[in-house]
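What follows is a set of notes on a single structure, which appears directly below.
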Amino acid sequence: MKILLHICCAPCSIYPVKTLRNDGYNVMGFFYRHNIHPYTECLKRQESLEHYANIINLKVIYQEGYDLEGFIQNTVFRESNRCLYCYHDRLRSTALTAKRGKFDCFSSTLLYSKFQKHDMIKSIGESIGKSLGIPFYYQDFRAGWKEGIEESKRLELYRQQYCGCIYSEKERYIATTRVHGSTVQGSEVKKLIGSKSVPSGKETEICEGLRAYEDINASNREP
Ligand code: SF4
């Protein structure tokens with residue numbers, strides 16, 4: 001069975017590729033670029049994947065072009081819901097490429113991440129699969145979360161610090177919280193977390209960025 005696997009980055013591909021190969025699949029990767037900002041970050045992730053793909057002898061299709069403008073136009077005014085568009089476009093591009101290439105099915109390393117909206121990815125993948133007439137392969141790759149992290153560290157692969165789009169970069173680095181009525185940002189939040197002096201309870205409102213920051217630090221792993 002030939003499967004086209006959307007790959008968001010080298011570290012996230014480790015466990016899914018290994019598992020699929022063990023299950024007898026002939027795996028080829030597909031690297032989507034439009035959601036990775038800025039362009040230099042996209043190149044870093046692509047180079048890291050090229051390096052890893054070489055090590056494990058994996059063929060990868062690298063998307064051509066870099067449609068930053070299209071991505072922004074499709075997410076503006078619905079920034080809080082942007083992942084819906086992002087997942088859909090990544091999975092649809094993968095499915096269309098898989099169809100053209102006569103693959104038996106398609107899937108995504110997004111199913112490996114503990115930080116992505118797993119159920120939404122599954123549902124979008126299955127719906128695209130049905131509408132385009134190519135099966136979406138679902139597996140909960142999160143079971144290999146630790147294994148993938150350890151292997152990526154062992155191989156010294158580039159490990160990004162935020163999901164991909166410019167919004168996620170902001171959330172990663174401008175963690176903002178309200179502490180006793182004052183807004184605290186960025187390095188101040190880190191200091192507070194480091195000193196364990198962030199008060200809990202109603203007086204502290206922790207925004208998404210801070211939660212992401214804590215998650216990342218808890219696992220020492222980016223989304
Ligand atoms: S946070 Fe990640 S999944 Fe969501 S829109 Fe940005 S790049 Fe896409």
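Read-outs throughout are calculated quantities, based only on the coordinates presented, and are distinct from any laboratory measurement. None of the values given here were measured: they were computed from a predicted structure. Neighbour counts are summed over all protein chains in view; Cβ atoms, including those assigned to glycine, are modelled from backbone coordinates with ideal geometry.
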Item checked: Residue list for the range 142-158, given a label point 7 angstrom along the Cα-to-Cβ vector of Asn22 and an amide N cut-off under 16 Å -> 142-152
Margin query: Suppose the chain between Asn54 and Gln73 were pulled fully straight at 0.36 nm per residue; how much longer would it get relative to their current alpha carbon spacing?
Written below: 3.4 nm
Margin query: If each residue of separation counts as 0.36 nm, what is the full-extension length gain between Ser80 and Leu96 once their alpha-carbon separation is subtracted?
Written below: 3.1 nm
Check: So how far apart, in nm, are the two label points at Leu132 and Glu47 if each is 7 Å from Cα heading toward Cβ?
Finding: 3.0 nm
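Output the pairs from Lys18/Lys170; Lys59/Lys170; Lys102/Lys146; Lys130/Lys170; Lys99/Lys153; Lys44/Lys122 with a Cα-Cα distance over 31 Å in this structure; if there are none, say none.
On the way: Lys18/Lys170 33 Å; Lys59/Lys170 33 Å; Lys102/Lys146 33 Å; Lys130/Lys170 35 Å; Lys99/Lys153 34 Å; Lys44/Lys122 28 Å.
Going by Cα-Cα distance, Lys18/Lys170; Lys59/Lys170; Lys102/Lys146; Lys130/Lys170; Lys99/Lys153 fall outside the 31 Å limit.
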Margin query: Could you compute the net charge surrounding Gln73? Neighbours are other residues with a C-beta less than 14 Å from the C-beta of Gln73; K and R count +1, D and E count -1.
Written below: -2
